[in-house]
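Below is one structure, written out as structure tokens, with a few remarks after it.
Just so you know, all these numbers are worked out from the coordinates, no wet-lab data involved. Predicted model, so just to flag it, every value in this text is computed and none were measured. Glycine also receives a Cβ, built like all others from the backbone with ideal geometry; neighbour counts cover every protein chain displayed.
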Amino acid sequence: MDSINTLLSRRSIRKYTKDPVLKEVKQNILEARRLAPSATNVQPWHFIVTTSQEGKEACSFGNFNRWTSEADFIVVGVYRKNNPMMDNYAKMDVTIALQNMVIAGWLQGVGSCWIGAWNDANLRQILDIPDDCVIVGIIPFGYPDGIPVTPSKKPLDQIIHTEKW
Ligand SMILES: Cc1cc2nc3c(=O)[nH]c(=O)nc-3n(C[C@H](O)[C@H](O)[C@H](O)COP(=O)(O)O)c2cc1C
């Protein structure tokens, strides 16, 4: 399959095999994050990579997202607070970097899933995240144990406005 078809086949993966992600594959995923675009190239991001059971469990939210503990590794994307304009850029930068990792993983056969719900105080405490940092998102990674069916997706003509809304 060529790259574009692979990319278009991406799914959120919440079930992983027990195989550890190969070192060079993981390195490529981390590089895709480091080399992502950044507003005025400030690169305000920090990422915590956790492989410990404690860290992985801290990425769930009560009974929701319990499956995170089965990921091979999890990346938590954060930025340090600055001023409102830079913080807005920083949030975009971290989001793009995390999604670059999702794509880099998928192109190499590694599954992942965005996590938008977590216990902020608990996660900060377990991962030692400073108070002046904002957690933007969490991505667990691992080799897929099955590929889910494609969920319903809106057709292009419902979301694209040509020239004007
Ligand atoms: C910002 C964001 C937050 C999400 N949070 C969660 C989450 O907390 N738990 C979860 O299981 N999936 C989460 N997802 C995954 C979505 O449920 C998934 O992308 C959507 O159902 C479409 O499926 P697909 O990614 O396979 O196309 C999140 C996705 C995004 C973009």
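What does the C-alpha gyration tensor say about the overall shape of segment 1-121? Classify as rounded when a/c is under 1.5, otherwise prolate if a/b is larger than b/c, or oblate. It comes out oblate by the Cα gyration axes.
When the helices of the chain are scored as -39500 (n - 2.57) per DSSP H run of n ≥ 4 and the total is divided over every residue, the value at 222 nm lands at -10500 deg cm²/dmol.
Using unit Cβ charges (K, R positive; D, E negative) and no other charged atoms, how large, in debye to the nearest 20, is the dipole of segment 73-165 about its Cα centre?
Working: 7 positive and 9 negative charges, 39 e Å.
Using Cβ point charges on Lys, Arg, Asp and Glu, segment 73-165 gives about 180 debye.
Take peptides 9-20, 74-85, 131-142 and line them up by average Cβ neighbours within 10 Å, highest first, as a rough protection proxy.
Values: 9-20: 15.2, 74-85: 17.4, 131-142: 19.1.
Descending packing order for the listed peptides: 131-142, 74-85, 9-20.
With viscosity set to 1.306 mPa s at 10 °C, what whole-number translational diffusion coefficient in µm²/s follows for segment 1-72 from Stokes-Einstein and a Kirkwood radius over Cα pairs? Spell out each step's value before the answer.
Numbers: Rh = 14.9 Å.
Rounded, D is 106 µm²/s.
Counting only lysines at least 8 places from K81 when in the same chain, those with an alpha carbon closer than 25 Å to its own are K56, K91.
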